[in-house]
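Okay, so here's the structure we're looking at.
Each reported figure results from applying straightforward, stated rules to the coordinates on display, with no laboratory input. Small disclaimer: the values here were computed from a predicted structure and weren't measured. Backbone-built Cβ (ideal geometry, glycine too); neighbour counts: all protein chains shown.
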Amino acid sequence: MTNAEIAKTLREIASLLDMQGVPFKPRAYEKAAHAVKITDLSVEEIYRRDGLKGLTEISGVGAGIAEKIATLIQTGRLPYLEALREKSPVDLARLSLIEGLGPKTINTLHAQIGIRTVEDLERAALAGKIRELPRFGEKSEQKILKGIAFLKSGGRHLLGAVLPLANDIQARLEMVPGVKQVAVAGSIRRRMETVGNADLLVISNDPDRVMDYFVGMPEAIYIHAKGPTQSRIKLSNRMNVDLRVVSEESFGAALCYFTGSKAHNIALREIAIAKQLKLNEYGVFREDRPIAGRTEEEVYAALGLPFIPPELREDAGEIGAALVGALPELIDYHSLRGDLQIQTNWTDGAHSIEEMAAEAKRLGREYIAITDHTKSLTVTKGADEEKLRRQMAAIDALNKKRSGITLLKGAEVNILKDGRLDISNETLAQLDVVGISVHSHFGLPREEMTRRVIRAMKNPHADILFHPTGRRIQRREPVDIDIDAVIQTAKETGTVLEIDAYPDRLDLKDEHIRKAVEAGVKLVIDSDAHHIRHLSHLHFGIGMARRGWAERSDILNTLGRNEFLESLKDGRRNHRRAA
Ligand SMILES: [Zn+2]
């Protein structure tokens, strides 16, 4: 039994006692849990060697608690805890998995509104009952709902939340003396839309030092394990992070191994076996003699393959393509020149057109479309024809100032329930970029939803279908729509499909992007920014596009402004032919 498991049990006892209002004892269990957690030696080994006496020598562990630990180690169970759980009316173990909920808060929620389970809590939060409690508010209610969604997702985090964190940890590890190289591996490197845990690799000639730094980082709330070659911590966002020290000779092999996916690795190993080689996280070996391992390129080459980009490593045809030299030349992370979905304070955005333009320019964009919401979305003060005309005039005036970035006149036009648009064709004809999207009636049956969106796509003024499935990851399911029919329609009408790069949208998602690319449908990658800090999200969309095998030529906003607008016009001409 690991120290972490023992500590967890002690902590649960502390919480249960605390909820029963037992004085002092909870603190004693908390203290003991902490002592067990930070002990370098295995508590189980201490007990097996020195018995109860050994346990009581751990500071903070008294005779009573030592006996409990002994029972736990000997039998794997603890009747005392089971009795406590039975007495407790509340599912403490599960409730306390929700971020921000400690025993005290759970106790309050139980005493005041009778919360016993996660389901009780969700119902109360959805009914707005949490915000009415003293010392709670709307914010804590939202936070609880987010925590529940996360719990239900099986503990996966949005890529948008963990990629910046992983990059930040990487940058700090690179500063630790003795460190020569650091890499982020795992599903983060493959740019999966959600991430279970993070894997980092490091080359260091002072492993103890980098491990000490790693487990001591301020966001580490729990140390699962610490060793000279591998440590695992839990961060305050409840994500586990592994750090492994690897040798320079094995770095590429380890990076490949820990990047995954598992299926890709298995396929690689089969190729190795067929060549009478051995492949593992230390390298490629011929009869125990290493022949590759320093870099990933070297590892793939030893297997007779070109380098395969991490985003493709899903065993979804990439190895076959690599073998015959048919890997796509993926769109690279710095190739977007425009951004075609941006909201401003004309509707529900936080900033003025000028402020969004200035930040987009700073990020290197050459053109952006201002696409505020239209009128049927009343919660956003959506624009009607008159407001759109005023905005077009404002944009014309700004463009005359030649600020170094071109503003395109656009709108995010609502698709009504029956597939008509909520802005007249006459006004749409004056816009440079017409995005269309579903923002209401999300629950229509599949056939009706598909017919609705296809009808809207057939409007000759519709240029881009924004966030085509409407999902919000971990918050809202996608609409029920026949995506193949949407792609087919896009092919006929020349409608461009969007990859919305907003971290909880990523819509289209990777497998849909791949279908669109195979069908020859054009795509754009947009930020859907409502705030200047959202404008830098485009790279999440590029990650999705790469996972969907998209090349530069598949993505229209890799083009310069004039070519981009020309290609939209081509789409409109197609429309007329298809109509
Ligand atoms: Zn939208």
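What the table shows:
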{"read-out": "DSSP beta bridge pairing in segment 437-568, given as percent antiparallel to the nearest 5", "value": "20 percent"}
{"read-out": "Inter-site label distance for F442 and R135 at 7 Å from Cα along Cβ, in nm", "value": "3.4 nm"}
{"read-out": "Over the chain, relative contact order from alpha-carbon pairs under 8 Å, at least 6 apart, %", "value": "9 percent"}
{"read-out": "Share, in percent, of DSSP beta bridges within segment 338-578 that are antiparallel, nearest 5", "value": "10 percent"}
{"read-out": "Förster radius 30 Å - calculated FRET efficiency between E45 and L97 (Cβ-Cβ, nearest 0.05)", "value": "0.55"}
{"read-out": "R0 of 22 Å, Cβ-Cβ distance K491-E551: FRET efficiency to nearest 0.05", "value": "0.80"}
{"read-out": "Neighbour-count order for K275, K522, fewest beta carbons within 10 angstrom listed first", "value": "K275, K522"}
{"read-out": "Above-threshold pairs, the threshold being 18 Å between Cα atoms, out of K409/K491; K387/K409; K381/K458", "value": "K409/K491; K381/K458"}
{"read-out": "Phi-based couplings in Hz for segment 357-373 (Karplus 6.51, -1.76, 1.60; Gly and Pro marked x)", "value": "5, 5, 5, 4, 5, 4, 7, x, 6, 9, 8, 9, 9, 8, 10, 6, 5"}
{"read-out": "Estimated distance in nm for a label pair at E477 and F307, the labels positioned 7 Å out from Cα along Cα-to-Cβ", "value": "4.2 nm"}
{"read-out": "Gyration tensor (alpha-carbon) shape descriptor, the chain, a/c threshold 1.5", "value": "oblate"}
{"read-out": "Around D507: net Lys/Arg minus Asp/Glu count, Cβ-Cβ under 11 Å", "value": "-2"}
{"read-out": "Ranked K8, K375, criterion: other C-beta atoms within 10 Å, fewest first", "value": "K8, K375"}
{"read-out": "Expected 222 nm ellipticity per residue - DSSP helices of 4 or more, -39500 (n - 2.57), all of the chain, to 500", "value": "-13500 deg cm²/dmol"}
{"read-out": "Alpha carbon centroid spacing (whole Å) that separates segment 305-381 from segment 83-120", "value": "42 Å"}
{"read-out": "Order of W549, W346 under a 10 Å beta carbon neighbour criterion, fewest first", "value": "W346, W549"}
{"read-out": "Inter-label distance for R362 and R238, nm, one decimal - labels placed 7 Å from Cα along Cα-to-Cβ", "value": "3.4 nm"}
{"read-out": "Segment 338-578 shape via C-alpha gyration tensor axes, a/c threshold 1.5", "value": "rounded"}
{"read-out": "Where a label projected 7 Å from the Cα of R289 along Cα→Cβ would reach, residues of segment 235-251 with amide N under 20 Å", "value": "249-250"}
{"read-out": "Förster radius 25 Å - calculated FRET efficiency between A83 and A4 (Cβ-Cβ, nearest 0.05)", "value": "0.60"}
{"read-out": "Surrounding net charge for E359, when Lys and Arg each add one and Asp and Glu each subtract one, Cβ distance under 12 Å", "value": "+1"}
{"read-out": "Antiparallel bridge percentage (DSSP; both residues within the chain; nearest 5)", "value": "50 percent"}
{"read-out": "Sum of side-chain charges, E287 neighbourhood, beta-carbon under 15 Å (Lys, Arg +1; Asp, Glu -1)", "value": "+3"}
{"read-out": "Three-way shape label, segment 157-245, alpha-carbon gyration tensor, a/c 1.5", "value": "prolate"}
